[in-house]
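Structure, as structure tokens:
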């Protein structure tokens, strides 16, 4: 009887060990989410999905290095913010705004809305370099993906529009944007 109990205990332990190893394997880690990785040797905010990954932002500017935020640090902070808003379902729209008297790219709840002040960091994703036009920065940020071979906007079908302008303010529908980006090869990351 003791042998049967010992055998059962060993079997249960073995199953638990295999389950733990499987859950920590790279394949299990391929869930959707944002992270700071590398693309062409530069820090990059990347979205990983089960079918593959694509780069959202390439961090090449060191404009904030004097304040302790070089490209790598900004990548880490902003990727964490993207992930935080994404996992809670709050990454609805990107827009521009002012937070602490600084021009920013932030999360909005709807087209026409301001930065989502009820969110952590008031919906802040990142601060724009002083003297830059936040609206143009946001357009350039996401249009770079289109110039690099991503799917172009479908101007004839409003339901698949990625961007909308309201009162001279740009809003990016992040659900639509993330769903229309092509997967990049793993060798480019």
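The values are calculated or read from the model by the stated rules, or taken from the named source; none is laboratory data. Treat the numbers as computed from the prediction; the structure is a model and nothing was measured. Reconstructed Cβ throughout: ideal geometry from the backbone, glycine too, with neighbour counts over all protein chains shown.
For this structure, a couple of remarks:
- Residue in segment 95-106 that is over 24 Å from residue 55 (Cβ atoms), in contact with a helix residue (DSSP H, G or I) (Cβ under 7 Å, 6 or more places away or on another chain) and at pLDDT 90 or above present: yes
- Residues in segment 98-115 that are on the phi > 0 side of the Ramachandran plot and either surrounded by 16 or more Cβ atoms within 10 Å (Cβ to Cβ) or in contact with a strand residue (DSSP E or B) (Cβ under 9 Å, 6 or more places away or on another chain) (or both): 100, 112.
- Only one of the listed residues (81, 73, 49) is in contact with a strand residue (DSSP E or B) (Cβ under 8 Å, 6 or more places away or on another chain) and modelled with pLDDT of 90 or more. That residue is 81.
- Residue identified as at pLDDT 85 or above and part of a strand (DSSP E or B) among 170, 178: 170
- When we screen 69, 64 for residues that are crowded, with 18+ Cβ neighbours inside 10 Å, in contact with a helix residue (DSSP H, G or I) (Cβ under 9 Å, 6 or more places away or on another chain) and not assigned by TED's automatic domain parsing to the domain that holds residue 176, the only hit is 69.
- Screening residue 62 on (1) assigned to a loop (DSSP other than H, G, I, E, B); (2) over 20 Å from residue 131 (Cα atoms) shows it passes everything except condition (2).
- Residue selection: residue 53 fails the criterion of being touching a residue at least 60 places away in the same chain (Cβ under 8 Å) and assigned to a loop (DSSP other than H, G, I, E, B).
- Every residue from segment 57-93 that is touching a residue at least 24 places away in the same chain (Cβ under 8 Å) and over 12 Å from residue 126 (Cβ atoms): 58, 72, 83, 84, 85, 86, 87, 90, 91, 92, 93
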